[in-house]
Every structure is written in C-alpha cells, then in structure tokens.
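One structure is given here, and the rest of the page talks about it.
The values are calculated or read from the model by the stated rules, or taken from the named source; none is laboratory data. Small disclaimer: the values here were computed from a predicted structure and weren't measured. Methodologically, a virtual Cβ is constructed for each residue, glycine included, from the backbone with ideal geometry; neighbour enumeration extends over all protein chains shown.
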Amino acid sequence: MIGAASVARARADGYTLLFSTNTIQSAIKSLFKQVPYDPLTDFAPIARTVNLPSLVVVSNKHPVKTIQDFIAYAKANPRKLQSCATEAFRPRTARLANAPVFIVLLGDARRLQSIGEIRGQEATPKALPAPTALGGAPIAPGAIISREEVPAGWYTIARLRRGEALRIIDSSGLSSISMIGWRDEDTSERINCADTVKVQWSAALSKGRAILSDMGRVLFSLIEDTSGAHDILVGGSTPASTLAAYGATTRNTQENFVAGAAKIGLGVRDIPPCVTFFSPVSLDPNGRFIWSQSRKRPGDFVDLRAEMNAILVLSNCAHPLDPARPSAARPVMLVRHRVAPAADDDPCWTGSPEVVRAFEFTERLYA
C-alpha cells in the first residue's frame, strides 16, 4: 500500500510504474478502513503480466463441496469462517496446479492457527547440525585476514567478500552484538529478519541456518555456532531503552547504527531490523519475551559465511532485555577469515526447499 500510494502521488510522466498484485488494486478497500489512493481512478492499467490460479481447500469431512456451498455457509455462519493463504501445501498440490492454496477452515479456529505451522514445519529440516564445541573449529593462522576488538558500547563497520567468513567471539560471556548489513554492490538490498524467519519456519538461529536479504537471496550462512542463543525479533537498544534501564541515556545500538550507516553514505531509511547474537531471548507460557542468562557462556562464537559481498555495521551494546544493572557488556572480538567453499551436502544450503531456492537465486547473481 505504501508503494502504491507513492506511485499515485508521482508525476504522470510515464516513467513511474506500479507492478502490483490484485490485493493492492481490488481487495485493499476491504482490508483497510483508510486507503491513501483510489485504486479505480488513480492508476491507468497497462498490461496483465501474470495469470495465477488459486485453490480453495476445505476439510473433506465438511459438507461444503462447491463454491456455491461455501458462499451459502459463509452467509449463514459469518463468525465461524476462518481462512488463510499459504504456500505450506505447495509440494502436495504442485502436480495439480502451480498455485498458492487458500485454506478455508470451517469449524475450530484454533486448528486454523496451527495447521499452516504444522505443514510448514514438515518442510523444515528434521535435525540441524550439533552446536560447535567451545574451543572447536579452530581457524588456521594462514586463513586469518584481520582481527578487530569492538569495545563495549561501540560499533564497527566490516566488509566481507563472498566466500569469506566473520567469526564473532563473546569472550566474556556477557556481551551481545547486533548486526545489520547490505549487499556491497547495491545497498538497496539489505538483511531481512522477517524473510529469514519465514523461509525457515523458525525464529531460532543456529548452526545450519541462513540469514536472508530482502531480495530473497542468502546474505550469510551460520557455518559454526557454539551458542544457538540469538535474537531476531526484539531488536537492539535505543536511547529510550537505555534511559529506562540505567536512568540515563547511554551509548546504544540505534544511534550506533545511524552513525555507522552515515559513514557508508546511508541514512535512517536504509537501516533494517537487526540480528543480535548471544542474546538468549525466548517466550514464557504467556507469550512474553524473557531472558535466559544461563544460556550465555564465556568463549561462545558464531561464524558467518558471506554468500554475497557485504557491508556490515556491528554494535556491541547490551540487549534491551539483558537484566544486568549497570550494563555488563565487555569487548567482543571479530575475526575475518577465509573458508572452504560449501560442499554439496552443506546443511545451510539444503535445509528446506525454500532455502534451496534462495541459494539458487543467490548463485545466479554471480554466474
């Protein structure tokens, strides 16, 4: 909707085009009370580029068997109808139609909330590699390109070439380091936490996982990881969070990211949500975020293999949920090093059909 509104306001010079789905044009007024454009009068259609069939699926135990039955049931039971759109069933239905599936659940709405998750999890790896042992995966001295220590509260900018890796070491077991990144050749492509979660059906980052860009490509692979306690949901500290935690505004990740981005010619609008390593965030039974300090250990490290040429900003500030008062953050060590190319059975590359496609898309960029 934001992009469509921007095009609606643009000069009618023939150079600004909107490539959209039917949601933006036909369904938008049914989804939002206020739409900042008129889909009927603010655009001039040029061409239809894609025909995408859809399937509507209901339980075979329900008496609804046709679209007419479905419409009649919906009118008679307006508060019992639940639906969702998903690609979770695509492997089972691809032989019938190359189409997304609209699952309509008639009955218990709680079952709807879990059905997409269950089907999606069937496509995720049944077992990820075991965590790297503390002190394991030594880096050969000749493979080291550079080392840098990031003091507590500060940030650094790092560049990685495709095929290199960055080892992030929490020597004290007390620090968390937040990271954002962009593709070096085109910084409009950046890290995307939402797609990283969606494609892998999990918000848990650990060895064998990948971190995606907003173009559906793989930016990094987690090839070594002793921790498995990383946060991709909460985000980094801000002036407000440090004021609330410590009674005064201190150095924080938000301002570190702004400063780091400015040094490479980027602004606030270019800063995406971050990944924060060594941040043991989980959920309690009520769905609230909690901090599990027992999962942090001195010497924990993670190795990120760059699948694209990348620019990073890394901020060594305490996580907003870290209960230590004052902040217990200590210096973090970064080691840039060369790694062997991915093998055919690399778990990062083979975790799920969606990840395989993301890697194939990435490879085409450098073909």
Output yes when any residue across segment 13-21 is surrounded by 13 or more Cβ atoms within 10 Å (Cβ to Cβ), hydrophobic (A, V, I, L, M, F, W, C), in contact with a helix residue (DSSP H, G or I) (Cβ under 9 Å, 6 or more places away or on another chain) and under 30 Å from Ala74 (Cβ atoms), and no when none is. no
Can you tell which of Ser279, Ser237 is at pLDDT 95 or above, among the small types (Gly, Ala, Ser), surrounded by 15 or more Cβ atoms within 10 Å (Cβ to Cβ) and over 28 Å from Ala342 (Cβ atoms)? Ser237
Segment 125-164 - residue that is of a type in the set (Ser, Thr, Tyr) and surrounded by 15 or more Cβ atoms within 10 Å (Cβ to Cβ) and, of those, farthest from Arg183 (Cα to Cα): Thr132
Working carefully through the options Ala229, Ala244, find the one that is more than 22 Å from the chain's Cα centre (by Cα) and not polar (S, T, N, Q). Ala244
Qualifying position, being of a type outside the set (A, V, I, L, M, F, W, C), at pLDDT 95 or above and surrounded by fewer than 22 Cβ atoms within 10 Å (Cβ to Cβ), among Asp270, Asp322, Asp300: Asp270
For segment 249-267, give me each residue that is over 27 Å from Phe301 (Cβ atoms) and either touching a strand residue (DSSP E or B) at 6+ places or on another chain (Cβ under 9 Å) or modelled with pLDDT under 95 (or both). Thr249, Gly265, Leu266
What is the number of the single condition among (1) of a type outside the set (D, E, K, R); (2) farther than 12 Å from Met1 by Cα; (3) surrounded by 11 or more Cβ atoms within 10 Å (Cβ to Cβ) that Gln25 does not meet? (2)
Go over the candidates Asn256, Asn309 one by one and state the one that is out of contact with any Pro (no Cβ under 7 Å at 6 or more places or on another chain), under 20 Å from Asp195 (Cβ atoms) and either surrounded by 16 or more Cβ atoms within 10 Å (Cβ to Cβ) or not aliphatic (A, V, I, L, M) (or both). Asn309
